[in-house]
Amino acid sequence: MKLKIEKQSIKTDVLIVGGGIAGMQAAIASAETGTDVLVVEKADTRRSGCGGMGNDHFLCYIPEVHQETLEEAVQGVLKTMEGPWQDLKMLRILLSRSFEMVKKWESYGINMRPTGDWNFEGHTLPGKVRHHLKYAGFNQKPLLTKQALKVGAKIMNKTVIHNLLQDEAGNVIGAVGVSLEDQEPTLVTFEAKAVIITTGNSLRLYPGFNPAYLFNTDDCPANAGAGLAMAYRAGAKLVNIDIPYLHDGPKFFVRSGKATWIGLLSDIDGNNIGPFVDVPTRELGDPTAEIWTGVFQEKLENGTGPIYMNCTRTSEADLQHMRESFISEGDTSINEYLDQYGIDLRKSMVEFGTYECSLAQRGIEIDERAQTSVPGLFAAGICTGNAKGNITNAAVFGQIAGEAASAYARTLNEQNNNLVEQHPLIAQEISYVQQFLDRECGAHWKEANTALQQIMKDYAGVKIRSGNLFRAGKKYLQDLKRYAEKQLMASNGHELMRVLEVMDLIDVAEAVMLCSENRKETRGECHVRSDYTFTNPLLDDKFQTICKVGDHVQLEFRDMEK
């Protein structure tokens, strides 16, 4: 198959890579300033990304409701799953602007108070202030898309951005990608004064519950590290990628929404595992797994597992509330499964487990203006590494990125169109992409993706790590990259997209391996080194960054910003 080439670049002031929650909010914020903004999304912005099918918890601070200071709210959130592994100044910004975003979303038509008032549930301990606003987010993506178009943003779906374009000084001036809108893929270049990366989670890096099904993931499986990879290749700093993220929920039925379940975590005999609650309620659920994060795996390994979500003591009203919340969360398949097989949660428990490792909220380092370390490049959402908050992160820092990128673009003069269209990386990209389309026989992308997952599991997994494992793993990753470039083939545009995703994941994996090797200590449940069994107190409150400087990689530990 021949790659078509669009010779004339597409020009915009602000280019947004990824049309998830952060991307659409950035588009709205940017377009409202009168800036020419274009969102480029590999799928369709109406249902793409981690929040594509919905969400039902929005981390939020409303002073008149919570009756506490901002600092008290920050300290309270730090004790929840949203707290660790972020710069505190970013958390303060997030909370201080969270209610502003709630009101914006409500104005877009998203139902932020389905019970008629501000209602906070889950993700906290008994007696503590709750900061997760319960809302109905099942239609959030169509409504955000509608609002973006209403204020003048442009959207280009079915297009994969693969690399950023920079001038000789290192400033980002555009991007290059492949449009999959037609049967034959077309290489497209973009000229922009500022670029915002909002590409979501990095999934399919480690094996899932069932390795035979690569797309059985808790978030959108098409979110495959593209933003981290292209930012890393451009010289931007990545942060905290050496400590993977683990999530849990119904075993094998990999769907997020742990706090949406209203029940108690129990052993096989129905006995409570945690000491926090005795009776399940919609206000709390069971926070045990958020405090004891390794409970599911530990119980399996010591013989006292498995662990179940036990809703047999949940009231009928709360069960109905839970089933309705599954719709808001985008977990309609859970409801359908329960109905299809006649499962009564008042009589049957549901086994829970820990999902695949991912880099959710590990990734691109940004400052309080959502700027990266590369001039002209901004980032927001779950692909960032020093700001957390899930859906709130995407909304707040999407808004901030849109505002800041627009302001940055206004400081620049008109660019030379030839600088983009004649950029040397374009010819390299054409050759790189065409090689996969030229092969009439070769390896399928799934083979490379499966091999990558096996390497990461065995040599940079969460159960055991060591210097020798990292050394071997780095060599295997280099071999895999070389073999993949020489052997992978794509017989159509869809397969080409998957090939590019796998190649991005390999680049991300190499960065993870280097950072993990450089962390010479044991820290938490996801970085357990057999050759450094202690936790180094000198690395407390420090984050590790990695970036490319020319042909070299620079690793360093920096203080968490308070």
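Restricting to region 13-138, compute how many DSSP beta bridges are antiparallel as a %, nearest 5.
Rounded to the nearest five, the antiparallel share is 55 percent.
If the cut-off is a Cα-Cα distance under 12 Å, which aspartates and glutamates reach K446, setting aside same-chain residues fewer than 8 apart in sequence?
E495, E501
Give me the net charge for the shell around L246: Cβ to Cβ below 11 angstrom, other residues only, Lys and Arg +1, Asp and Glu -1.
-4
Quick one: dipole size for region 26-148, taken about the Cα centre, charges +1 on Lys/Arg Cβ and -1 on Asp/Glu Cβ, in debye to the nearest 20. Display every interim value, and only then the final one.
On the way: 15 positive and 15 negative charges, 58 e Å.
That gives a dipole near 280 debye.
What does the charge dipole of the chain about its Cα centre add up to, to the nearest 20 debye, if the Cβ of each Lys and Arg holds +1 and the Cβ of each Asp and Glu holds -1?
Numbers: 59 positive and 73 negative charges, 105 e Å.
Using Cβ point charges on Lys, Arg, Asp and Glu, the chain gives about 500 debye.
Express the relative contact order of the chain as a whole percentage, based on alpha carbon pairs under 8 Å and six or more residues apart in sequence.
Relative contact order for the chain comes out at 21 percent.
Calculate what fraction, in whole %, of the accessible area of region 424-562 sits on carbon and sulfur atoms when a 1.4 Å probe is rolled over the protein chains.
So the carbon and sulfur contribution to the accessible surface is 52 percent.
Using a 1.4 angstrom probe on heavy atoms only, work out the carbon and sulfur share of the accessible area of region 157-260 in %.
Summing carbon and sulfur atoms, their accessible area is 46 percent of the total for region 157-260.
Putting +1 on Lys and Arg Cβ atoms and -1 on Asp and Glu Cβ atoms, find which of M112, A370, L419 reaches farthest to the positive end of the dipole of the chain.
Farthest along the dipole direction, towards plus: L419.
Out of all Cα-Cα pairs in region 203-354, roughly what percent, to the nearest whole number, are more than 29 Å apart?
24 percent
What is the distance in Å between the Cα centres of region 191-259 and region 64-124?
Using only Cα atoms, the two centres lie 24 Å from each other.
Pop out the ³J(HN,Hα) list for region 491-499 in order, Karplus 6.51 cos²θ - 1.76 cosθ + 1.60 with θ = phi - 60°, rounded to Hz; leave Gly and Pro as x.
Going residue by residue, I get 8, 7, x, 4, 5, 4, 4, 5, 4 Hz, with x marking Gly and Pro.
Please compare each pair in K193/K388; K103/K388; K79/K520; K7/K158 to a cut-off of 23 Å on the Cα-Cα distance and tell me which ones are over it.
The pairs that break the limit, which is 23 Å between Cα atoms, are K193/K388; K79/K520.
Subtracting the Cα-Cα distance from 0.36 nm times the residue separation, let me have the gained length for K103 to I430 in nm, one decimal.
On the way: separation 327, 0.36 × 327 = 117.72 nm, distance 4.50 nm.
So the extension gain works out to 113.2 nm.
Working out 0.36 nm times the residue gap between E64 and E6, then minus their Cα-Cα distance, what length gain in nm do you get to one decimal?
Details: separation 58, 0.36 × 58 = 20.88 nm, distance 5.41 nm.
The E64-E6 span can extend by a further 15.5 nm.
Residue by residue through region 212-228, what is 3J(HN,Hα) from phi via Karplus (6.51 cos²θ - 1.76 cosθ + 1.60, θ = phi - 60°)? Round to whole Hz and write x for glycine and proline.
6, 10, 4, 9, 7, 10, 7, 10, 4, x, 6, 7, 10, x, 4, x, 5
Work the Kirkwood hydrodynamic radius out for region 452-503: mean of 1/r over every pair of different alpha-carbon atoms, inverted, in Å.
By the Kirkwood definition, the hydrodynamic radius is 12.2 Å.
At a threshold of 8 angstrom on Cα-Cα distance, excluding pairs fewer than six apart, so keeping six or more, what relative contact order does region 219-313 reach in percent?
RCO, region 219-313: 25 percent.
Spin-label point model (7 Å from Cα, Cβ direction): what's the K347 to R113 distance in nm?
Result: 4.1 nm between the two label points.
Roughly how compact is region 147-286, stated as its Cα Rg over 2.2 N^0.38 Å to two decimals? Please report the intermediate quantities before stating the final value.
On the way: Rg = 21.2 Å, N = 140, 2.2 N^0.38 = 14.4 Å.
So the Cα radius of gyration is 1.48 times the expected 2.2 N^0.38 Å.
Per the 1.4 Å probe, what fraction of the accessible area of region 43-117, in percent, lies on carbon and sulfur atoms?
53 percent
In what sequence, largest accessible area first, do M101, M156 appear using a 1.4 Å probe?
From most exposed to least exposed: M156, M101.
Across 20 Å bins from the origin, how do the percents of Cα pairs in the chain run, short distances first?
Over the chain, the share of Cα pairs per 20 Å bin runs 22, 57, 21, 1 percent.
Over the chain, with the other protein chains present, what is the accessible area per residue in square angstrom, probe 1.4 angstrom?
I get 39 Å² per residue for this part.
So what's region 376-507 giving for Rg/Rh, alpha carbon basis, Kirkwood Rh from the mean inverse pair distance?
Expressed as Rg/Rh, it is 1.07.
Quote the charge dipole size of region 342-420 about the Cα centre in Debye, to the nearest 20; the model charges only the Cβ of Lys and Arg (+1) and of Asp and Glu (-1). It would help to have the intermediate numbers written out before the result.
On the way: 6 positive and 8 negative charges, 38 e Å.
In total the dipole reaches around 180 debye.
Looking only at the chain, where both bridge partners belong to it, what percent of the DSSP beta bridges are antiparallel (to the nearest 5)?
Numbers: 43 of 65 bridges.
Of all bridge pairs located within the chain, approximately 65 percent are antiparallel.
The values are calculated or read from the model by the stated rules, or taken from the named source; none is laboratory data. Bear in mind the structure is a predicted one, so any value in this text is a computation, not a measurement. Using ideal geometry, Cβ is built from the backbone for each residue, glycine included, and neighbour counts are taken over all protein chains shown. Note: areas computed on protein heavy atoms with side chains; ligands, DNA, RNA excluded. Shrake-Rupley method; radii C 1.70, N 1.55, O 1.52, S 1.80 Å.
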